[in-house]
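The values are calculated or read from the model by the stated rules, or taken from the named source; none is laboratory data. If you're wondering where the values come from, they're calculated on a predicted model, not measured in any experiment. Cβ sites come from the backbone with ideal geometry, for glycine too, and all protein chains shown count toward neighbours. Ligands, DNA and RNA are stripped out before the accessible areas are found, and what is left, the full protein with its side chains, is counted by its heavy atoms. Shrake-Rupley method; radii C 1.70, N 1.55, O 1.52, S 1.80 Å.
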Amino acid sequence: MPSGQVHAACSIGLSAVCYGTILGFTGDNLLALSGATGCVLGILLTPDLDQKTLSSSENSLVRYTLGLGFLWVMLWYPYASLIPHRSPLSHAPLIGTFGRLLYLAMILAIPAYFLGWNFGQIPPEIWQIVFYGVAGLAVSDFGHFVFDVTWSRIRPKRRKPRAFRLF
């Protein structure tokens with residue numbers, strides 16, 4: 001499986017492609033920036049959040065953010081406990097993206113309810129920006145998926161040679 005650094009580089013590269021594509025189709029710099037930001041957020045909202053050990057991005061967060069990384073890891077601990085690593089629920093394009101966003105939305109809905117936030121009053125322009133951000137995240141997840149599948153076909157798991165046994 002490719003390293004977290006490879007996946008991060010893929011997300012950053014795809015963010016430039018996403019920015020250019022959205023800008024070319026819509027002509028709107030803000031929507032293009034939203035899509036590119038979604039791609040970069042794919043580094044934090046990676047399909048590898050289903051690992052029981054720390055992913056590369058989680059390890060960096062814990063090391064460099066003075067406690068915020070620990071909160072991030074605790075936020076995703078139930079998700080990692082429920083979903084097996086490389087499950088279609090976490091790694092399949094679109095399914096994994098929307099699954100992680102649904103999990104995050106359920107967690108954030110609790111404080112939003114108590115703070116009295118009303119999402120029905122959000123202007124449609126904001127929802128359009130969110131849509132392109134989610135699309136960028138989906139592009140990043142698709143890149144992650146392609147790298148995982150390609151890598152597993154190019155470099156199959158190496159089996160350790162078995163010890164010589166008489167019986």
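Rolling a 1.4 Å probe across the protein heavy atoms gives the chain an accessible surface of 67 Å² per residue.
Based on Cα contacts under 8 Å between residues 6+ apart, the chain shows a relative contact order of 34 percent. Would you please state the base-10 log of I(q)/I(0) at q = 0.23, 0.25 1/Å for region 1-46, with intensities from the Debye formula using one equal scatterer on every alpha carbon? The Cα Debye sum returns log10 ratios of -0.69, -0.77. Given a 1.4 Å probe and the protein chains as shown, residue 127 ends up with an accessible area of around 120 Å².
In the neighborhood of residue 133, defined by Cβ-to-Cβ distances under 15 Å, what is the net charge if each Lys or Arg adds +1 and each Asp or Glu adds -1?
Charge balance in the 15 Å sphere: -2.
Computed over neighbours whose Cβ is under 14 Å from that of residue 50, the net charge equals -1, Lys and Arg +1, Asp and Glu -1. Distance distribution P(r), region 59-156, all Cα-Cα pairs, bin width 5 angstrom from 0: 2, 10, 13, 18, 21, 18, 11, 4, 2, 1, 0 percent. For the chain, the Kirkwood estimate of hydrodynamic radius, built from reciprocal distances between every pair of different alpha carbons, is 17.6 Å.
Can you give me the % of accessible surface on the chain that is carbon or sulfur? Probe 1.4 Å, all protein chains present, nothing else counted. Of the solvent-accessible surface of the chain, carbon and sulfur hold 71 percent.
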